[in-house]
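Worksheet: the structure to be examined is printed underneath.
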Amino acid sequence: MFSYYLELALRSLRRSPGLTALMVLAIGFGVAASMTTWSVFRAVSGDPIPWKSSQLFVPQIDNWGPNGRSSDGEPPNAMGYTDAMALMRDHRAKRQSAMYQISPSVVPAEVGKHPLNVSGHAVYGEFFPMLDVPFKYGSGWSASDDTNRATVVVISGKLNQKLFGGASSVGKTVNIEGKDYRVVGVLDDWNPQPRFYDVVNTGGFSTTGDDVFLPFLTAIQTSMPNDGNTNCNAVPEESGFVGLQHSECVWIAYMAELDGAAAATAYRNYLNDYAREQQQAGRFRWAPNSRLRNLPQWLDNQHVVPSDTKVSLLVALGLLLVCLVNTVGLLLAKFLRRSGEIGVRRALGAQRAAIYAQFLTEAGIVGLAGGVLGLLLTGAGVASVGWVLPRDIAALARVDVSLLLLTLLVAVVATMLAGLYPTFRASRVQPAWQLKSN
Amino acid sequence: MKLHPILAALRKHKAGTVLIALQIALTLAIVCNAVFIIGQRIDRVNRITGLDESNLFLVSQQWVGAPNADSADGVEKLDTMQREDLAALRQLPDVASVAPINSLPLLNSSWTGSVSHKPGAQLSGKDNTRTAYYFTDEQMLSTLGVRLVAGRAFNAGDVQHQGFRDQRDRPIAIITRQLADKLFPKGDAVGKVMYTDGSNAPTTIIGVVARLQIPSTSSQGNDFAWYSTLIPTRLDANFARYAVRTKPGRLDAAMRAVAPTLYKVNPMRVLDDDSVKPFSDIRARAYRADVGMAILMGVICLILLCVTAAGIVGLTSFWVGQRHRQIGVRRALGARKVDILHYFQIENLLIVGVGVAIGVLLALGLNLWLMSHYEMTRIPLPYVLTGVLAMLAIGQAAVFVPARRASNVPPVVATRAA
């Protein structure tokens, strides 16, 4: 029976090629616009570390007081040196790391090669196991390396390729800012998007990954300046990088790993106790106003997904809606034009269900054709987003099997939904009336 | 022409009528807001930086193994290195002038603070005015191409130097006219005193420039986009930025000469692909997202309007076909061709009219919703009115072809069996 309906549908669609083309085009464009914007949205709103994101937490300490809070009462979104060091010393989480963004120069060993600039982070050794960072060679460094301010470094696979031709460089030295560091680990391909461990400084997305990771205290000791944002509620009293460390300026990112709700509650209490201690000591002149958010909540709070991406997705979905309303109207016109044919079929004994099957098949074919057109247009759309979107974000949008299947599915399901009302009307055609009027 | 027969006919086509009206309403709502977004983005991109943007490029470079900027000794060494670079660049044949500067308008790196009439004010206090600082030297005006409108420019004797993170008094400054008007509404800012970043030491305003945008293009910067303050100080750190104005038409040649020249002064430095870039690149990068959003919205609007217009053509064609015989009867009874044409045009006007009435409400509702969830302002009425007129015009244009086909139905059709 289905092949019969298929044949009927094709014949009917061929009979009015203009109307058919119109419907297919509308569905194709509507689906393609939605899927293209969806591919971007999906890329930027994804969970960068889904297996662990609910165990990773970002604490915030209010070291600025009521005058420094944002309008919704939020404390600063980064930490000052004093608080970051206190939290590291207390070491209350399973794993934790303070970190700051650096941008040192690396001098290649080869004579005649110009120095190059790399971006990276100064972190604690627990950073690597906490974030499940994959290593190609070697590993991270130990807690004693942290406290001894060891001159060790973990480099990216990309930098390893550039400096050592891709072979294991563990044990070799790299000259960073004129000082030799021993390579202890080389990262495998690791480029999480958004760059969740420090969204404040990276703005969430960046095409250039971190190339070097140094021990935090080593970087502080060699006064390697921070490259990211520095926010101050007052001008530091002392000059220089040391002055920054003694000030209440915020420039350090912090992440802690906590297993389970009980651990999170305990840590939250700890943060409040810490703030209360500072209040008693006279450093804070206000009640504790700490925050502890897990990673998904933090990414949401920091508006990592650009609002442009959301607005475009909404507008594209609006376009799809209009295309569907359009399709409902055109299918209605198309089906009711064949009232005579329906009347004859009904008079010859066809059930309403048969009419439903026939016309939904026709709608499905229109949807499928629209979906195929939509696939092509989505491909073109995703390929050209690099042309209209910021490079860091556009690079993330890609076509994959799930996107292709979704495109077809949305096209067919949406068109069949759009065909429901016209089909309903077609099935209500009174055979007697039609036969009489003919 | 009486409306009664049109309304009576529409009542027979409730579903089709409602669908067209709904489509018109949704289209109007989306298009109004999308065009409003486009307009906002275009306004942003067209903001005037105050610079003479042609023949201007920026060098950002970093020294390797540079002296520590936290020690007085290191600062002096870094300053010597910076002055050597400046001298070398200024001697290039294609270069007109060079100024050290910590940032440029539209560049993603800024130093912001606040200025006040009173000494010792809190940095984030409510009565302070936010500002962005440019630390530069006496060649700033000619290099950036900014126009001085009052007072005097910096001279070589004014220029100090300090470590990047050092705190130092700022005896004099040049500010923009917009900041001057904010602080001294009477227009007599030159010679007056202000206090920067809650300092107790006064800063005398020695000059006012016509316009100079702050570096940040983010929404947080919108409130003080023109409130720039220029300080005659070279900042010394392990990195430095130089703004370079070339002789007319010599931009490419001058840019090519930079890397060899600076490497000759001192090879221990980082100069990569990103280190030397023309201002046009800085501008393009700063507004890429805005231009992209405008293009995207434009494409979606275009598709939307085409789909809606095509939908109207399709449905009206269907109606014309359906009423073929009735049209013949009307013609046979004496209706002129133009009466039939007008019939369909007025019918379309009615449906589209109802559609836009609902659409205006939807557009305002959508705008309110966007305002509550995203950074969006109230949509101005002209946008909505233009949208309404555009929808009416599109409706009439779309209905014209099928309506004319209807008007060409010969009266003889009435005599034939259907």
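The values are calculated or read from the model by the stated rules, or taken from the named source; none is laboratory data. Small disclaimer: the values here were computed from a predicted structure and weren't measured. Neighbour counts are summed over all protein chains in view; Cβ atoms, including those assigned to glycine, are modelled from backbone coordinates with ideal geometry.
Look at the stretch A:1-26 and say how many of its residues are within 10 Å of another protein chain (Cβ to nearest Cβ) and out of contact with any Cys (no Cβ under 6 Å at 6 or more places or on another chain).
The total comes to 7.
Just a yes or no: is a residue in the stretch B:229-248 without any contact (Cβ under 8 Å) to a residue 12 or more places away in the chain, more than 12 Å from chain A (Cβ to nearest Cβ) and either among the charged types (D, E, K, R) or surrounded by fewer than 20 Cβ atoms within 10 Å (Cβ to Cβ) (or both)?
Taking the stretch B:229-248 as the starting set, the residues that turn out to be without any contact (Cβ under 8 Å) to a residue 12 or more places away in the chain are none.
No, there is no match, as no residue in the stretch B:229-248 is without any contact (Cβ under 8 Å) to a residue 12 or more places away in the chain, more than 12 Å from chain A (Cβ to nearest Cβ) and either among the charged types (D, E, K, R) or surrounded by fewer than 20 Cβ atoms within 10 Å (Cβ to Cβ) (or both).
Can you spot a residue in the stretch B:272-279 that is crowded, with 16+ Cβ neighbours inside 10 Å and within 11 Å of chain A (Cβ to nearest Cβ)?
yes
Cβ-Cβ under 9 Å, sequence separation 6+ or interchain: first residue in the stretch A:35-55 and in the same structural domain as residue A:401 (by TED's automatic domain parsing), partner of a type in the set (Ser, Thr, Tyr) and exposed (fewer than 15 other Cβ atoms within 10 Å of the Cβ). Which pairs?
A:36/A:384
In the set A:163, A:244, A:214, which member is more than 25 Å from residue A:51 (Cβ to Cβ), in a helix (DSSP H, G or I) and away from chain B (no Cβ under 14 Å)?
Only one candidate passes the filter, namely A:163.
Suppose the filter is closer than 18 Å to residue B:9 by Cα and within 12 Å of chain A (Cβ to nearest Cβ); does residue B:344 pass it?
No: the conditions fail for residue B:344.
I need the full set of residues from the stretch B:238-247 which are part of a strand (DSSP E or B) and either of a type in the set (Lys, Arg) or in contact with a Gly (Cβ under 7 Å, 6 or more places away or on another chain) (or both), in order please.
B:241, B:245
Tell me which residues, restricted to the stretch B:353-381, are touching a Phe, Trp or Tyr at 6+ places or on another chain (Cβ under 6 Å) and either of a type outside the set (A, V, I, L, M, F, W, C) or within 11 Å of chain A (Cβ to nearest Cβ) (or both).
None - no residue of the stretch B:353-381 is touching a Phe, Trp or Tyr at 6+ places or on another chain (Cβ under 6 Å) and either of a type outside the set (A, V, I, L, M, F, W, C) or within 11 Å of chain A (Cβ to nearest Cβ) (or both), so the list stays empty.
Consider residue B:234 against the criteria (1) outside any loop (DSSP other than H, G, I, E, B); (2) of a type outside the set (Gly, Ala, Ser); (3) touching a Pro at 6+ places or on another chain (Cβ under 8 Å); (4) more than 18 Å from residue B:141 (Cβ to Cβ): it satisfies all of them except one. Which criterion is unmet?
(4)
For the stretch A:285-312, name all the residues that are crowded, with 17+ Cβ neighbours inside 10 Å and within 14 Å of chain B (Cβ to nearest Cβ).
Matches in the stretch A:285-312: A:302, A:305, A:306, A:308, A:309, A:310, A:311, A:312.
Exactly one of (1) closer than 30 Å to residue B:222 by Cα; (2) assigned to a helix (DSSP H, G or I); (3) free of Cβ contacts under 8 Å to residues at least 24 places away in the same chain is unmet by residue B:378. Its number?
Result: residue B:378 passes all but (2).
Any chance the stretch A:323-338 includes a residue that's more than 10 Å from chain B (Cβ to nearest Cβ) and surrounded by fewer than 24 Cβ atoms within 10 Å (Cβ to Cβ)?
Checking the stretch A:323-338: at least one residue is more than 10 Å from chain B (Cβ to nearest Cβ) and surrounded by fewer than 24 Cβ atoms within 10 Å (Cβ to Cβ).
When residues of the stretch B:217-263 are filtered for being of a type in the set (Ser, Thr, Tyr), in contact with a strand residue (DSSP E or B) (Cβ under 7 Å, 6 or more places away or on another chain) and more than 23 Å from residue B:191 (Cα to Cα), how many remain?
Here the count works out to 2.
I'd like to check something: does the stretch A:383-399 contain any residue that is within 26 Å of residue B:27 (Cβ to Cβ), in contact with a helix residue (DSSP H, G or I) (Cβ under 7 Å, 6 or more places away or on another chain) and in a helix (DSSP H, G or I)?
yes
If you go through the stretch A:156-176 one residue at a time, do you hit one that is buried (at least 18 other Cβ atoms within 10 Å of the Cβ) and within 19 Å of residue A:255 (Cα to Cα)?
The answer is no, given that none of the residues of the stretch A:156-176 is buried (at least 18 other Cβ atoms within 10 Å of the Cβ) and within 19 Å of residue A:255 (Cα to Cα).
Among the residues that make up the stretch B:11-31, is at least one of them in contact (Cβ under 8 Å) with a residue 12 or more places away in the chain, more than 11 Å from chain A (Cβ to nearest Cβ) and at negative phi?
Among the residues of the stretch B:11-31, not one is in contact (Cβ under 8 Å) with a residue 12 or more places away in the chain, more than 11 Å from chain A (Cβ to nearest Cβ) and at negative phi, which makes the answer no.
Note down all Cβ pairs under 6 Å where the first residue falls in the stretch A:381-408 and is not assigned by TED's automatic domain parsing to the domain that holds residue A:365, the second is surrounded by 16 or more Cβ atoms within 10 Å (Cβ to Cβ), and they're at least six residues apart or on different chains.
Cβ pairs passing all conditions: none.
Residues to consider are A:364, A:379, A:386, A:419; find the one that is out of contact with any strand residue (DSSP E or B) (no Cβ under 6 Å at 6 or more places or on another chain) and buried (at least 22 other Cβ atoms within 10 Å of the Cβ).
Of the residues listed, the single one that is out of contact with any strand residue (DSSP E or B) (no Cβ under 6 Å at 6 or more places or on another chain) and buried (at least 22 other Cβ atoms within 10 Å of the Cβ) is A:419.
Residues are listed down the side, and each one gets a yes or a no for (1) surrounded by fewer than 19 Cβ atoms within 10 Å (Cβ to Cβ); (2) at pLDDT 90 or above; (3) under 30 Å from residue B:30 (Cβ atoms):
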{"residue": "A:235", "(1), (2), (3)": "yes, no, no"}
{"residue": "A:249", "(1), (2), (3)": "no, yes, no"}
{"residue": "A:253", "(1), (2), (3)": "no, yes, no"}
{"residue": "A:279", "(1), (2), (3)": "yes, yes, no"}
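If you check A:357, A:363, which single one turns out to be under 25 Å from residue A:17 (Cβ atoms), more than 14 Å from every other protein chain (Cβ to nearest Cβ) and touching a Phe, Trp or Tyr at 6+ places or on another chain (Cβ under 8 Å)?
It is A:357.
Given the conditions (1) closer than 17 Å to residue B:211 by Cα; (2) away from chain A (no Cβ under 14 Å); (3) not hydroxyl-bearing (Ser, Thr, Tyr), which single one is not true for residue B:130?
So the condition that residue B:130 fails would be (2).
Test residue B:25 against the criterion of being in a helix (DSSP H, G or I), within 30 Å of residue A:426 (Cα to Cα) and modelled with pLDDT under 90, and give yes or no.
On the way: in a helix (DSSP H, G or I): yes; within 30 Å of residue A:426 (Cα to Cα): yes; modelled with pLDDT under 90: no.
No: the conditions fail for residue B:25.
Among the candidates B:54, B:103, which residue alone is assigned to a loop (DSSP other than H, G, I, E, B) and either within 11 Å of chain A (Cβ to nearest Cβ) or surrounded by 22 or more Cβ atoms within 10 Å (Cβ to Cβ) (or both)? Steps first, please.
Working: B:54 fails: either within 11 Å of chain A (Cβ to nearest Cβ) or surrounded by 22 or more Cβ atoms within 10 Å (Cβ to Cβ) (or both).
Among B:54, B:103, only B:103 is assigned to a loop (DSSP other than H, G, I, E, B) and either within 11 Å of chain A (Cβ to nearest Cβ) or surrounded by 22 or more Cβ atoms within 10 Å (Cβ to Cβ) (or both).
For residue A:315, indicate whether it is outside any helix (DSSP H, G or I), within 12 Å of chain B (Cβ to nearest Cβ) and surrounded by 18 or more Cβ atoms within 10 Å (Cβ to Cβ).
So residue A:315 fails the test.
Which one of the conditions (1) in contact with an Asp or Glu (Cβ under 9 Å, 6 or more places away or on another chain); (2) in a helix (DSSP H, G or I); (3) surrounded by 19 or more Cβ atoms within 10 Å (Cβ to Cβ) does residue A:37 fail to meet, given that it meets all the rest?
So residue A:37 meets the others, but not (1).
Being within 14 Å of chain B (Cβ to nearest Cβ) and surrounded by fewer than 18 Cβ atoms within 10 Å (Cβ to Cβ) is the filter; apply it to the stretch A:391-416 and report the residue that is nearest to residue A:348 (Cα to Cα).
Result: A:395.
On the given criteria, is residue A:282 more than 10 Å from chain B (Cβ to nearest Cβ) and on the phi > 0 side of the Ramachandran plot?
yes
Which of the residues belonging to the stretch B:150-175 are within 14 Å of another protein chain (Cβ to nearest Cβ) and surrounded by 18 or more Cβ atoms within 10 Å (Cβ to Cβ)?
Matches in the stretch B:150-175: B:161, B:162, B:163, B:164, B:165, B:166, B:170.
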